[in-house]
Every structure is written in structure tokens, then in C-alpha cells.
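S.K.: What follows is a structure written as C-alpha cells; I'll ask about it next.
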Amino acid sequence: MIQWFTKSFEELTNSELYAIMQVRFNVFIIEQNCMAEDLDDYDQKALHLYGMENGEVVAYTRIFGPGKKYEQAAFGRVLTAKEARGKGVGKELMKRTLDVIAAHYGKVPVKISAQSYLLKFYSELGFEQVSEEYDDYGLPHIDMIRH
């Protein structure tokens, strides 16, 4: 059973932050071979939503209020750990992400930079493509907004 947490950067313990950074490294750097600069000074401005199972982070995203990253609210660094994929965890993460945004910031537009292959996934959540495809650290991305 997954336990879900939402914390500000200051509320994260050293162990929690380490576990989050470890799973981000495993998914984005190792699995996706994306040599992105993960430590981008946005973590300190974000709420961190993550799910833990058996002592491991299995789902994660960071959430921004309007004006923190974009004019709109936003979320990013979305991931589901390999062992949790195919079980609906990603959809649960997105439901919880949108619930956290609504609870903290109200009914506001949400902008994301999504990997292009996830267009259908995010479209089913009410997001619309608002940009042409672009390269982000070697991975095709598109901007999407949910009103």
C-alpha cells in the first residue's frame, strides 16, 4: 500500500530528500539517459508530492504555485519508479497532484512541459498542447495547459 506525502522543501527530512533525489536520478539520468541538470534551484520553491511503498519512493512530482516557475501553476519531474509501473500509480499521482494544486492555489490554470510521448496521457487529464515539439536535454517535449 502506497503512503502519500506532500511537503515543502523545508519540511523534507534529509532521508526523504535523499530518497527523492535517488529515484529522480535512477529514472531520469540512468533509465532515460537524460543528462539534465536536475539540481536547478526550483526544489526549494516547490511542494514535493511523493508516494512511498516498502520504504522506497515509488512516485513523485514537484508542484509550483502560480508565478513560481510559469505564470500558471505547474508541476514537473513526474515519475513512477520501475517497480510501480503498470499498476495505475501514475494516474493516482496525477489525481493527487491536481488535488494538491486545487487545495493550495484554487482553480487555476496549470502548465507543464511534458515528454511528447505522454500527450495522450495528459490529454486524458484535460491538458491541451500549446507549443510545437522541442528538445529538452535530448528528449522531445511539448508545453501543455489545463484550464
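The values are calculated or read from the model by the stated rules, or taken from the named source; none is laboratory data. From a predicted model like this one, the values you see are computed outputs, not experimental measurements. Note that each Cβ is placed from the backbone with ideal geometry, even for glycine, and that neighbours are counted across all protein chains shown. The accessibility values were calculated without ligands, DNA or RNA, using every heavy atom of the protein model including side chains. Shrake-Rupley method; radii C 1.70, N 1.55, O 1.52, S 1.80 Å.
S.K.: Where only protein heavy atoms count, and the probe is 1.4 Å, what is the accessible area per residue for region 57-138 in Å²?
M.R.: Value returned for region 57-138: 54 Å² of accessible area per residue.
S.K.: Here's a follow-up. In nm, what is the difference between 0.36 nm times the number of residues separating Glu133 and Lys45 and their Cα-Cα distance?
M.R.: 29.0 nm
S.K.: Now for a separate question. Rounded to the nearest 20 Debye, what is the dipole magnitude of the chain about its Cα centre when Lys and Arg each give +1 and Asp and Glu each give -1 at the C-beta?
M.R.: So the dipole magnitude of the chain works out to roughly 540 debye.
S.K.: When the helices in the chain are scored as -39500 (n - 2.57) per DSSP H run of 4 or longer and the sum is shared across all residues, what 222 nm value do you end up with, to the nearest 500 deg cm²/dmol? The partial results should precede the final answer.
M.R.: Working: 3 runs with 33 residues, N = 147.
Computed ellipticity for the chain at 222 nm equals -7000 deg cm²/dmol.
S.K.: Could you give the length gained by full extension between Asn26 and Glu10, i.e. 0.36 nm per residue of separation minus their alpha carbon distance, to one decimal place?
M.R.: In short, 3.4 nm is gained.
S.K.: Then there is this: Calculate, for Leu17 and Lys87, the FRET efficiency according to 1/(1 + (r/R0)^6) with r their C-beta to C-beta distance and R0 22 Å; round to the nearest 0.05.
M.R.: The value I calculate is 0.30.
S.K.: Count the lysine pairs in region 27-134 whose Cα atoms lie under 12 Å apart, taking only pairs 8 or more positions apart in sequence or on different chains.
M.R.: So the count works out to 4.
S.K.: For region 75-147, what is the charge dipole size about the Cα centre, in debye to the nearest 20, if Lys and Arg each add +1 at the Cβ and Asp and Glu each add -1 at the Cβ?
M.R.: That gives region 75-147 a dipole magnitude of about 460 debye.
S.K.: Amide H of Ser131: which non-local residues (sequence gap of 5 or more, or other chain) have their own amide H closer than 5 Å, using H built in the peptide plane?
M.R.: Under 5 Å from the amide H of Ser131: Asp143.
S.K.: Carbon and sulfur: what percent of region 102-147's accessible surface (1.4 Å probe)?
M.R.: For region 102-147, the apolar C and S fraction of the accessible surface comes to 53 percent.
S.K.: For region 1-81, which whole percent of the accessible surface, found with a 1.4 angstrom probe, sits on carbon and sulfur atoms? Can you show the working numbers first?
M.R.: On the way: 2120 of 4260 Å².
Exposed carbon and sulfur together represent 50 percent of the surface.
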